[in-house]
Amino acid sequence: MNALEIRNVSKTYPGFFLEDVSLTLPAGCVLGLVGENGAGKTTLVKLILDMVHRDNGSITVLGRDNRDNFRLTKEDLGVVFDNVGIPACLNTHQVGKIMALTYANWDWNRYQTLLERLSIPRDKAFRTLSRGNQMKLGIAIALSHHPKLLLLDEPTSGLDPVVRDDVVELLRDFVSREEHAILISSHIVSDLEKLCDYIAFLHQGKLLLAEEKDRLLEEYGLLLCEEKDLEVLPKAAVQGRRVSPYGVQALVKRDAVPAGWDIKPIGIEELFILLTKEEVRL
């Protein structure tokens, strides 16, 4: 079963249009959403949760339409937004008591273990916690009621590199069970490269690409050359370029480039930047 199926979903706001997005997240996998601020990542997560109503299309979450008795489905979802949304006056124990009344499968032992593992202060009010500890508390809550699907919107924002690595390991442990899956958006692309099986690029409300991460890295490469050298390549080969006084870095599709060219590997972040900006001149 697919954990998540999004088919031809659109949403219009004044000055913004999320256009005809289709994505599939198989169970046992992690899908990373990459996009600039305002690209539509948070809007898409809110559409999945039916927090905002889609204009058209369909969304299936864990085998159910997300508008069909979604209260039952929400028991199986762990959600973390960039703004965690915990009442400012509550400490971690008080938060846990509320969550025990919210989720039928709330696991106090799991919650306490995660608080300790993530070094979250127990007796401080939420408003006094650092930005990093607030995000870590959101992650601990999301993982403490045995969800099947995690929806994470910038969950590593504000965390230092060591803690981010701990969180990535937690998420790896979670998705090691075949019935679990994760949809995660982050502007820290290195985290997504470590964790994700699939990558989707959102740009200005449009889905540019959605593909297996390894296949993307096999399909695209980086060509270092002079600008005039690109003129001999097929037009379909060059997907983006960065021009500087020292030459050109061109994003190319490997199978469209004739044999003999020295094509370098490319990372996900560089791929996204060059794909969204057809030509960058420095």
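Each reported figure results from applying straightforward, stated rules to the coordinates on display, with no laboratory input. Being a predicted model, the structure only gives us computed values, none of them experimental. Heads up, the Cβs are rebuilt from the backbone with ideal geometry, glycines too, and the neighbour counts pull from every protein chain shown.
Taking the DSSP bridge list for the chain and keeping only pairs wholly inside it, about 60 percent are antiparallel. Here's how it looks for residue 148: its modeled amide H is under 5 Å from those of 77, 78, which are all 5 or more places away or on a different chain. Rounded to whole numbers, the Karplus 3J(HN,Hα) couplings from phi for segment 230-235 are 5, 5, 8, 7, x, 4 Hz, using 6.51 cos²θ - 1.76 cosθ + 1.60 with θ = phi - 60°, and x at Gly and Pro.
Which of the pairs 41/213; 97/124; 11/277; 136/213; 148/206 have their Cα atoms more than 20 Å apart in this structure? As for pairs spanning more than 20 Å Cα to Cα, those are 11/277; 136/213; 148/206.
The stretch between residue 232 and residue 146, if pulled fully straight at 0.36 nm per residue, gains 25.4 nm over its current Cα-Cα span.
The translational diffusion coefficient of segment 83-241, from Stokes-Einstein at 10 °C and 1.306 mPa s with a Kirkwood hydrodynamic radius over alpha carbon pairs, comes to 87 µm²/s. Only helices enter the 222 nm calculation for the chain: every DSSP H run of n ≥ 4 contributes -39,500 (n - 2.57), and dividing by all residues gives -8500 deg cm²/dmol, rounded to 500. Sorted ascending by nearby beta carbons within 10 Å, beginning with the fewest, 201, 81 become 81, 201. The distance linking segment 78-100 with segment 175-226 is 30 Å (Cα centroid to Cα centroid, whole angstrom). Of 163, 232, 80, the residue with the greatest mean-square motion in the GNM of the chain, using alpha carbon springs below 10 Å, is 232.
In a fully extended conformation the segment linking residue 102 and residue 264 would gain 53.2 nm over its present Cα-Cα distance, using 0.36 nm per residue. In terms of Cα atoms, the Rg and Dmax of segment 217-268 work out to 10.1, 29 Å. Near residue 18: Cβ cut-off under 13 Å, other residues only, Lys/Arg at +1 and Asp/Glu at -1. The net charge is +2. Computed from backbone phi, the HN-Hα couplings of segment 187-193 come to 8, 8, 5, 4, 5, 5, 4 Hz, rounded to whole numbers (Karplus: 6.51 cos²θ - 1.76 cosθ + 1.60, θ = phi - 60°; Gly and Pro given as x).
Placing R0 at 35 angstrom, the Cβ-Cβ distance between residue 179 and residue 93 gives a FRET efficiency of 0.70 after rounding to 0.05.
Residue exposure proxy: 225, 196, ordered by other Cβ atoms within 10 angstrom of their Cβ from fewest to most, comes out as 225, 196. When the chain is described by a simple charge dipole with +1 on each Lys and Arg Cβ and -1 on each Asp and Glu Cβ, the residue from 25, 45, 100 located farthest towards its positive end is 100.
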